[in-house]
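Take a look at the structure set out below.
The values are calculated or read from the model by the stated rules, or taken from the named source; none is laboratory data. Predicted, not measured: the structure shown is a model, and the values here were computed from it. Counting neighbours? That spans all protein chains shown, and the Cβs are built from the backbone with ideal geometry, glycine included. Quick note on the areas: whole protein, heavy atoms, side chains included, nothing else; ligands and nucleic acids left out. Shrake-Rupley method; radii C 1.70, N 1.55, O 1.52, S 1.80 Å.
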Amino acid sequence: MMAKEIKLAKIGDYMEGQIEQLLRVTVLETDSKLKKGSPVDTGRFRVSWQVGENSNNSTPAPPGDYKGTAVPLKGLNYTAGQEKLGNYYSIHNNLPYAEPLANGHSPQADAGWIDLVAKEMQAYVRSQYEKIKRQG
């Protein structure tokens, strides 16, 4: 395998681009895992996950039946694929019953399932960051 040739003056830009790509994948994958793992009665909880860029104040989906509804990536001050270093991103669900569901209130999801997603993604980020450093 041939090493990528990068001019010395461009190393910082290259590494920043690699880390921003990791940031993009992490935000999108975490959002996807949270939605897929969400217990579904009416589907409102699943469709109320949102991504915030430098904010986590949002409005959940109104009451209704969302079963079978495609779950779009929604966000507050956020455009998917435009993640930048220096911003912070939160994936949140502001429904009043979100915390009980996270703590195992539903037989469809064990207590701590959100923490498991977070730990899985932290391990993913660490491993990918180490790979970026090695491959430079």
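Under the condition of being assigned to a loop (DSSP other than H, G, I, E, B) and farther than 18 Å from residue 118 by Cβ, which residue from the stretch 38-47 is least open to solvent (accessible area, probe 1.4 Å)?
Per the stated criteria, the residue is 43.
Among the residues of the stretch 98-117, is there at least one that is in a loop (DSSP other than H, G, I, E, B), over 25 Å from residue 16 (Cβ atoms) and within 15 Å of the chain's Cα centre (by Cα)?
no
Would you confirm whether or not the stretch 2-12 contains a residue that is at pLDDT below 95, part of a helix (DSSP H, G or I), open to solvent by 40 Å² or more (accessible area, probe 1.4 Å) and touching a Leu at 6+ places or on another chain (Cβ under 9 Å)?
No, the stretch 2-12 contains no residue that is at pLDDT below 95, part of a helix (DSSP H, G or I), open to solvent by 40 Å² or more (accessible area, probe 1.4 Å) and touching a Leu at 6+ places or on another chain (Cβ under 9 Å).
This table checks each residue for (1) open to solvent by less than 50 Å² (accessible area, probe 1.4 Å); (2) over 23 Å from residue 21 (Cβ atoms); (3) at pLDDT below 95.
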position: 71; (1), (2), (3): yes, yes, yes
position: 75; (1), (2), (3): yes, no, yes
position: 88; (1), (2), (3): no, no, yes
position: 96; (1), (2), (3): no, yes, yes
position: 120; (1), (2), (3): no, no, no
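For residue 79, are the conditions met, namely being at negative phi, surrounded by fewer than 15 Cβ atoms within 10 Å (Cβ to Cβ) and of a type in the set (Val, Ile, Thr)?
In short, yes.
Answer yes or no as to whether residue 65 is over 14 Å from the mean Cα position of the chain (by Cα), at pLDDT 90 or above and part of a loop (DSSP other than H, G, I, E, B).
It is false that residue 65 is over 14 Å from the mean Cα position of the chain (by Cα), at pLDDT 90 or above and part of a loop (DSSP other than H, G, I, E, B).
Can you go through 82, 122, 128, 50 and tell me which one is out of contact with any helix residue (DSSP H, G or I) (no Cβ under 7 Å at 6 or more places or on another chain) and in contact (Cβ under 8 Å) with a residue 12 or more places away in the chain?
From the options 82, 122, 128, 50, the qualifying one is 50.
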